[in-house]
Every structure is written in structure tokens, then in C-alpha cells.
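The values are calculated or read from the model by the stated rules, or taken from the named source; none is laboratory data. These numbers come from a predicted model, not from an experiment. Note that we place each Cβ from the backbone using ideal geometry, even for glycine, and neighbour counts take in every protein chain shown.
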Amino acid sequence: MLAPPRSPEPPAGEAGMAGVPEALTLPASLGAGLRFTPEQFEALCLANPEAVLELAADGSLILMTPTGSETGGRNSALNALLWQAVRSSGLPLKLFDSSTGFRLPDGAVLSPDASLVALERWQVLRAEERRGFAPLCPDLVVELVSPGDEGPRGLTALRRKMAAYQRNGARLGWLLIPQERAVEIWQPLADPPEPPRRIEAATHLDGAPRFPGLVIELAEIWAG
């Protein structure tokens, strides 16, 4: 989910849009031809605080839905475990939850289920950049597959998101698949590209060598 950031007045739109007025509400059907700039998307979220949205790199909206209760519990456990792991590791990292949107270099605005950003990268952002969708790709991203979901939270859609994070410079990605107790490890983009490494019956995650000492146990997340 994306928390609506505070934003200045939106600029004039593109593709025939004159901008996003403050009172705009979401259309009943999101047509394939509807496109938003990142600035318009921020204004749209501000005008529709109840909406759960992401923005694709081509400017199209990704309409999300609230998580089921089981997945929500797993998300909470994931963030708690990551918070503990960051403290234990002593690494200079800042943790963000699933309500945080990031404006990626390709123009997409995506919200990982959990993410970590190097503290030095966060600290150089201006105050207004921190209040909005921070203009960077997190260093470590984590996505959690919702069981039985074929939509934006399903495995195929989340693999596309992981590939987007990878293209935009993520240093490490973890895709958790609770129904299979498996994890996909997405490394930085290589030439030629390498497929993610899959771990069956995964018991823990280790961020080494890029994030030494960052370790989380998965039993609580798998338990649901």
C-alpha cells in the first residue's frame, strides 16, 4: 500500500491530460490508455487516500487490493524480524514497510513489502524528497507472495516487480513464497542476466556478502 505523500500543485499533464485536479476520483475501469506522470500520480494518491496504487514505468496504474489477514500477519512478522536483524547487524540501513512508495529511476512508483536503504543514501535526500516518494531504488527489497492470488500480489506479478527493482539498481532482492516455503534470491543485474537462485525449504535468509550479519529466521513467517 502507498501512503499518500504531500505534494505541490501538479504540473500540466501529458498524453492529453491537463493535470490531476484535487477532487479527482478513480475511474471505475482503469483503461489501458490512461497514463500518469510521477507528479500526477502523487497528486492522485493525495486526492484518493483510500486507494492502494502503484505506477508502472509506462505511466499506467497498478490497482492493488488490501492484503488478506494471513498475509498481513506475515508482513508484520517480516518487518519486525528485519528491524531486529538491522539492529543486530549494526549496518547503517533504514527500514521501510509496505506503505512506502519509491520513485524508481525509470519513473515507476513501487512499494515493496519491506525494503532497506543505505543510511547515507537516505540522508542526502532533501526534506521534500523524503516526504514524497523517495527518488531512489532501495538497496534491498522483499516481496511476499499472497497464497492463491493471481493479481498484483501473485507470483507472476511479483516476479515482474523483482525484475523492475533489479533493473533499477537494487543490490539484493528476496521473494518469499510461503505456500512453498521457498525463497528466490535476486542478485544485481548482470550481463548476461542470470535467473534468480531458488532455495527450497528455506529456514533463514542471509544478506551476506552485501549485507554481512543481516540474518532473519523464516519459521514465524511460514507459520502465518
Legend entry - Of the criteria (1) without any contact (Cβ under 8 Å) to a residue 60 or more places away in the chain; (2) touching a Leu at 6+ places or on another chain (Cβ under 7 Å), which one residue 219 fails: (2)
Legend entry - Given (1) at pLDDT 90 or above; (2) within 14 Å of the chain's Cα centre (by Cα); (3) under 30 Å from residue 218 (Cβ atoms), index of the condition residue 85 fails: (2)
Inset, instruction - Could you check how many residues of the range 118-137 are surrounded by 11 or more Cβ atoms within 10 Å (Cβ to Cβ), free of Cβ contacts under 8 Å to residues at least 24 places away in the same chain and of a type in the set (A, V, I, L, M)? - result: 1
Legend entry - Residue identified as outside any loop (DSSP other than H, G, I, E, B), over 15 Å from residue 152 (Cα atoms) and assigned by TED's automatic domain parsing to the domain that holds residue 151 among 44, 78: 78
Inset, instruction - Would you mind telling me which numbered condition in (1) among the small types (Gly, Ala, Ser); (2) out of contact with any strand residue (DSSP E or B) (no Cβ under 6 Å at 6 or more places or on another chain); (3) over 21 Å from residue 135 (Cβ atoms) residue 59 fails? - result: (3)
Legend entry - Cβ pairs under 8 Å, 6+ apart, first in the range 87-99 and assigned to a strand (DSSP E or B), second charged (D, E, K, R): 93/139
Legend entry - Test set (1) surrounded by 15 or more Cβ atoms within 10 Å (Cβ to Cβ); (2) at pLDDT below 85 - residue 14 fails condition number: (1)
Legend entry - Members of the range 176-214 found to be touching a helix residue (DSSP H, G or I) at 6+ places or on another chain (Cβ under 6 Å) and farther than 29 Å from residue 148 by Cβ, listed by number: 189, 213, 214
